[in-house]
Ligand code: NCD
């Protein structure tokens, strides 16, 4: 049985195949409308979510399956003291695959050990968010036509932003990737990202504080929200929250074919005027989230793409 807990649980070849499947789904969604008939997805969300939970649910519904689950920890038996291990054993009797988001790092990994069904990590604390990474990779691939030979700027909360950690881990496996890590001193990437991913693989990277100075060299700019819920005190959050605001004036410094990504939700870090810039890719990124999750559910359940009908695609 396969789980997706860490972005590296999928090999580069598997990710390439999954993105190709997601692209095929995007081009012809109706062909996939009953691939998961009779199957159920459980969404176990112990932490707030809009896009991730609803895109998982939309993905399963688009595949002709059904969904069940909870959207807040206080509507589950976690409030009565039930362990993750017990919860997942029970959910395994009710569903065929599950997506779990949890404030505790490692909770989905623990669930996977006791689970009778594939577990997908839909975000664990400030740690990893592998399905957001699939969404990001699909968006980069569609915008740039490749996942190699790119200079990627990641800007904002690189310390607590789990999407950042997963994206760096995944992109580091492709050729010719360079990272420009743009953050305040206090929100630099965790040491493990530098010591276990960037340094051992000799990935070129720089840690800087100026977004303006970085703009001209970037192929991709990945903006992030300062993760208020992971701060120990509110004063630090207030001091740091508006460090970076992407404006049309800053966009004027960037390459004409740069793409701006953001996992969303956005707070203040991208001015609304940037939305009309053709380089803004974040809403298309949210749409891609449905296609990659459809492809992922099919992959973990071992379901093949339906045959093309005769004369189709000729
Ligand atoms: C991200 C998350 O939950 O880590 N959101 C998402 O899943 N699209 C980013 C964030 O909350 O800032």
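Throughout, read-outs are computed from the coordinates displayed, never taken from laboratory work. Source: prediction; values computed, not measured. Cβ: placed from backbone, ideal geometry, glycine included. Neighbour counts: every protein chain shown.
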Theoretical ellipticity at 222 nm over the chain - DSSP helices of four or more residues, -39500 (n - 2.57) apiece, nearest 500
-10000 deg cm²/dmol
Taking only the alpha-carbon positions of segment 134-218 as identical scatterers, the Debye log10 I(q)/I(0) at q = 0.15, 0.18, 0.19 Å⁻¹ comes out as -0.51, -0.75, -0.84
Would you calculate the separation in nanometres between label points at residue 237 and residue 90, each defined as 7 Å from the Cα along the Cα-to-beta-carbon direction?
3.1 nm
Give the Rg (one decimal place) followed by the Dmax (whole number) of segment 182-242, computed from C-alpha coordinates and expressed in Å.
13.5, 37
Helix 12-27 sits off the longest principal axis of the Cα atoms of the chain, rounded to the nearest 10 on a 0 to 90 degree scale, by 80 degrees
If you take the Cα atoms of segment 130-286, find Rg, then find the Kirkwood Rh from the mean of 1/r over all pairs, what is Rg/Rh?
0.93
Percent antiparallel among DSSP beta bridges (both partners in the chain, rounded to 5):
5 percent
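Could you tell me the relative contact order of the chain? Use alpha-carbon pairs under 8 Å, at least six residues apart, and round to a whole percent.
20 percent
How many Å³ per residue does the convex hull of the Cα positions in segment 6-67 occupy?
Values: hull volume 6.4 nm³, N = 62.
For segment 6-67, the hull spanned by Cα atoms encloses 102 Å³ per residue.
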Grab the alpha carbons of segment 264-314, take their convex hull, and tell me the volume per residue in Å³.
114 Å³
So if I restrict to the alpha-carbon atoms in segment 201-314, what is the Rg, and what is Dmax, the biggest pairwise distance, in Å?
19.2, 63
Counting residues in the chain as N, plug N into 2.2 N^0.38 Å and put the Cα Rg over that result.
0.99
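If you take the Cα Rg of segment 1-157 and divide it by 2.2 N^0.38 Å, with N the number of residues, what do you get? Walk me through the intermediate numbers first.
Numbers: Rg = 16.2 Å, N = 157, 2.2 N^0.38 = 15.0 Å.
Dividing the Cα radius of gyration by 2.2 N^0.38 Å gives 1.08.
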Principal axis lengths of segment 57-135 from Cα atoms, whole Å, largest first?
35, 28, 23
